[in-house]
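Here the structure is laid out as structure tokens; the discussion comes afterwards.
The values are calculated or read from the model by the stated rules, or taken from the named source; none is laboratory data. The model shown is predicted, which means the values in this text are computed figures rather than measured ones. A quick note on method: Cβ atoms are made from the backbone with ideal geometry, for glycine too, and the neighbour counts reach across all protein chains shown. All accessible areas refer to the heavy atoms of the entire protein, side chains included, with ligands and DNA or RNA removed. Shrake-Rupley method; radii C 1.70, N 1.55, O 1.52, S 1.80 Å.
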Amino acid sequence: MPPTLPSEIPKETPTLRKGLACLACRKKKIRCDGKRPACGTCAKSTRSGAKCEYSDQASTARTQQLEDEVLLLQTRIEELEKMADPFFLDGGKEREWGTVEWSGLEKSMPPPSVLAQLVHNFFQHCYEFGFFLDHARLDLITFCPVCRNSVFLWAVHLAGPDSPWFKTAPIFLSRALAFLTTGIVSDCGDHELICQLQGQVLLATYYCQTGRFLDARSQLSSACSLIHGVGLHRIGAPPDPAPFGYVGPGVGTYILRHTPGLEPIETSERHRCFWTVMTLNNIWSGMDDVPSFFDFEMIGSQVTTPWPDVPEGSYTMGEEVVRKFFAQQPDNADSLNALIAKSSLLFSKASCVSRKYRPGMNSAESSALFAEFVALDNLIDHFAMTLNFDENAPINRVILARSLTAAATIKLHRRYATVTTVSRQKCMVASKTIASFTTIHPNAALGQGQQLKDRALWKIWVMAVEVLLAELQTLIRENMDLKTCITGMIDSLLSMIKGSIYGCPRARARYEDLRDLYAVALNNV
């Protein structure tokens, strides 16, 4: 028996042409009848606020409104990016920086032409502040935002407090710090990473220059951690073996340890990058008598990155250069930056050895410390005698290397100067050496209120004054010739220290303490 058919057969819904269905049905990929103002599916929907929209409506549909909002937000983002870094210099020429309206303090920002001149002045002295990039081949626009704003920060700072642009330094500082928090990402390139490190070094030296030593140490510590993390201290070394039982990505590799196809300038920049951070760390840790981030027994002895500015072919890739230096093996590394790096190693190592002494050491510990003491003392003496510099080398950098070497002697012997004649005499000779450079240092002619660009020598001068004051207090009244010699050296050193106290309350307080002690010593002699 045939099946019973319904009395009425429903009409089949006509199929719409492609592209005419409403947006809701398109999204759900279901059939749409195309009725307006609402199709059948949307009309039956029980969802609160359901709307039926068509992309071909002449009226401003919600989709169009969203598209307009997206376009507006994209435009606003572009404007904010321009506002964050409005200054781009290209070979000393100005670039368009948009019609950005500044508000509040930012209305006093220097125009591009003025900023270009300030940046040019910075590059005349940039290597004094830890700048290791080859700026002659790089356009400033290729620097990462952290590095670029750090350069601008130093540029306006060096203009001095009498310049109207000096007060804009906090703006560039805040921008550099803001970009620093988001600057390093997992997929950033090698150049961006090196630029990031350059920005951190400039921020660290700026904080040190302005007396914010804790902030300076924080930036330097971050740079040291990043260098260790990407393997810049192990350039040329073979890959490390994987830990026992570990199987996974990244075994035996560092981000920047091996990068084939680099230009010689790029390779040199990486070497200078590591040694700039290493040298700053050595100097600051030695000054504050705190452990170095690159511990000599662990990280420091494993350094294979070639010395800075040493010609390719004059060194063997992969050799442990720091261990070789302390073993007094020849390395042909006699560039200015290499000699400064070596003198900083001696300074930091002397501080480390001096801290190892403690009362009540047993005979084995005393013998080991004495052997290390004698070996380092001989190395410092040998290094000081063989220091030779190119006649065209900047005098302030030459003075830094020689002063660090002399300060290493003071660090090593000062603890024993009151009990042994040899240590006392060595401290005195080293202090005289440091004082002799004050008359030829470029900052010797600085007047009151002027800035000292390189504060690395500040504590070295303080150390020398402390040694000379201790010697002055032991003089007998009849020894007037020696008294005149010592007071002359102290006067010269205090004059240099006074020139470095501008904008640094800590330096000012230490200078006043030394001045008071000097007055008391003069009255007693």
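Quick check on my link table: of Lys349/Lys498; Lys349/Lys483; Lys342/Lys426; Lys356/Lys426, which ones sit more than 31 Å apart, alpha carbon to alpha carbon? Correct reply: Lys349/Lys483.
For the stretch 462-520, the Kirkwood estimate of hydrodynamic radius, built from reciprocal distances between every pair of different alpha carbons, is 11.9 Å.
Annotation: amide H of Leu387 has no partner in the under-5 Å range at sequence separation 5 or more or interchain, hydrogens built in the peptide plane.
Couplings for the stretch 229-237, taken from phi via the Karplus curve 6.51 cos²θ - 1.76 cosθ + 1.60 with θ = phi - 60°, read x, 9, x, 5, 7, 10, 5, x, 7 Hz in order; Gly and Pro are left as x.
Could you work out the local net charge near Gly286, counting Lys and Arg as +1, Asp and Glu as -1, over the other residues with Cβ closer than 11 Å to its Cβ?
Numbers: positive: Lys349, Arg355, Lys411, Lys459; negative: Asp288, Asp289.
That sum, taken over residues with Cβ under 11 Å, equals +2.
Note that the stretch 482-494 has calculated 3J(HN,Hα) couplings of 5, 4, 4, 5, 5, 5, x, 5, 5, 4, 5, 5, 5 Hz, one per residue in order, obtained from phi through the Karplus relation 6.51 cos²θ - 1.76 cosθ + 1.60 (θ = phi - 60°); glycine and proline are x.
Taking only protein heavy atoms and a 1.4 Å probe, what accessible area per residue, in Å², does the stretch 260-401 have with all protein chains in place? List each step's numbers first, then the result.
On the way: 6470 Å² over 142 residues.
Per-residue accessible area for the stretch 260-401 comes out at 46 Å².
Assuming charge only on the beta carbon of Lys and Arg (+1) and of Asp and Glu (-1), the dipole of the stretch 334-449 about its Cα centre is about 500 debye to the nearest 20.
Among 363-370, 287-294, 206-213, 352-359, what's the highest-first ranking by average C-beta atoms within 10 angstrom per residue? Before the final figure, lay out each step's value.
Working: 363-370: 11.2, 287-294: 17.0, 206-213: 19.6, 352-359: 14.2.
Answer by packing, highest mean first, reads 206-213, 287-294, 352-359, 363-370.
Taking label points 7 Å from Cα along the Cα-to-Cβ direction, Arg355 and His382 give a separation of 2.6 nm. Within the assembled protein chains, the solvent-accessible surface assigned to Arg515 is about 110 Å², based on a 1.4 Å probe. Take each peptide in 117-126, 405-414, 385-394, 151-160, count the other Cβ atoms within 10 Å of every residue, and average; sorted highest first, the result is 405-414, 151-160, 117-126, 385-394.
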